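K.L.:
Mind having a look at this structure? Questions to follow.
Only the coordinates and a few stated rules stand behind these numbers; no lab work does. Since the model is a prediction, treat every value here as computed from it, not as a measurement. Virtual Cβ from ideal backbone geometry, glycine too; neighbours counted across all protein chains shown.
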Amino acid sequence: MYKNYNMTQLTLPMETSVLIPTNDISRHVNDIVETIPDNEFDEFRHHRGATSYHPKMMLKVILYAYTQSVFSGRKIEKMLNDSIRMMWLSQNQKPSYKTINRFRVNPKVDALLESLFIQFYSQCVKQNLIDDKAIFIDGTKIEANANRYTFVWKKSIQNHESKMNEDSKALYHELVTNKIIPEIKEDHDNELTKEEIDLIGSHLDKEIEDLNQHINNEKCTKTRKQIRLKRTKIKKYKKQINDYFERKYRYEFQKSILKDRNSYSKTDHDATFMRMKEDHM
């Protein structure tokens, strides 16, 4: 004997809230958003054009989707048609993915999120879930939600910077030897600083300007061709110097983020990479 199953039997739709458990996370999302005072939503009110979706509903839908690790506007739109919890939170309203994306990038939402965080924090304190005096972590390693393929390794920076320093010193010696630029430092063994690399670039710019002036004033075609060849070579040096300057700045910026760590994530500078049991790297 089977349980009754009949796809052709007409049934009345049931109230969606009945199907959701009392301790479900969607109910918590609903309760927290409802604690925001109504006057906080006045900025979204307008008196022209078509009626808009209520910001409370939009906020509930987006926050619940985030709790389920769904961040794409199209996937949130799909959840509104598939998920009973989303149908309840939206009361069967169906904003498109464009509407969802426009809402969450609206500058007015920032003030709402700040108010929401305060309400969330107050509720946690009221329910004795956290202490309002101090919050700390006892050395526990917590997995971040950063993209796993955005790593920056300290060793890699050191290797690339060391190679770049050697190349920039070699280029500096070549420029000085060929008398293209004057000497700008006494100790040739030390690496070039950002300021010194920038100064080399300034000297090369001046040299290129002088050659341009020389080309304009020169009448002899053969001589003009020789000057152009020299200018092409100096422009190549200038391109290398610009590359060294940008890389020098980038490496110093990356090291300032790293400090005493061995790695960090480009999308979450506080996250440090470590080997996990199930490692995709």
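K.L.:
Can you give me the angle between helix 154-177 and the longest principal axis of the chain, using Cα atoms only, in degrees from 0 to 90, rounded to the nearest 10?
P.N.:
20
K.L.:
Which length gain, in nm to one decimal place, applies between residue 72 and residue 4 when the Cα-Cα distance is subtracted from 0.36 nm times their residue separation?
P.N.:
Value of the extension gain: 20.6 nm.
K.L.:
Using only alpha carbon pairs under 8 Å that are at least six residues apart, calculate the relative contact order of segment 166-229 and give it in whole percent.
P.N.:
For segment 166-229, the relative contact order is 26 percent.
K.L.:
Extending each Cα 7 Å along its Cβ direction at residue 270 and residue 151, get the distance between those two points in nm, one decimal.
P.N.:
2.2
K.L.:
Please express the shape of segment 190-281 as an equivalent ellipsoid: the semi-axes are the square roots of 5 times the eigenvalues of the C-alpha gyration tensor, given largest first in whole angstrom.
P.N.:
Numbers: eigenvalues 422, 42, 15 Å².
Equivalent ellipsoid of segment 190-281: 46, 14, 9 Å, largest first.
K.L.:
May I ask you to derive the FRET efficiency for residue 216 and residue 174 from their Cβ-Cβ distance with R0 = 41 Å, giving the value to the nearest 0.05?
P.N.:
The formula returns an efficiency of 0.90 here.
K.L.:
Let me ask something else about it. Under 20 Å from the 7 Å Cα→Cβ point of residue 24, by amide nitrogen: which residues of segment 69-89?
P.N.:
From segment 69-89, the list is 69-71, 75-89.
K.L.:
Across 10 Å bins from 0, what is the distribution of all Cα-Cα pair distances for segment 16-126, in whole percents?
P.N.:
Cα pair-distance distribution for segment 16-126, in percent: 13, 47, 34, 6, 0.
K.L.:
Kindly put 64, 2 in sequence by how many other C-beta atoms sit within 10 Å of each C-beta, fewest to most.
P.N.:
Starting with the residue having the fewest Cβ neighbours, the order is 2, 64.
K.L.:
Packing-wise, with mean Cβ within 10 Å as the measure, how do 266-273, 85-92 rank, highest first? Let's see the in-between values first.
P.N.:
Numbers: 266-273: 14.8, 85-92: 20.1.
Ranking, from highest mean packing down: 85-92, 266-273.
K.L.:
Further question: Out of all Cα-Cα pairs in segment 207-252, roughly what percent, to the nearest whole number, are more than 14 Å apart? Intermediate results must be reported in sequence, preceding the final value.
P.N.:
On the way: 593 of 1035 pairs.
I get 57 percent for the Cα pairs in segment 207-252 exceeding 14 Å.
K.L.:
Determine the principal axes of the Cα atoms in segment 160-234, then give the extent along each, sorted from largest to smallest and rounded to whole angstroms.
P.N.:
45, 19, 18
K.L.:
Compare the peptides 139-146, 72-79 by average per-residue count of other Cβ atoms within 10 angstrom and give them in order, highest first.
P.N.:
Highest mean packing first, the order is 72-79, 139-146.
K.L.:
Based on alpha-carbon atoms only, what is the radius of gyration of the chain relative to the globular estimate 2.2 N^0.38 Å?
P.N.:
It is 1.67.
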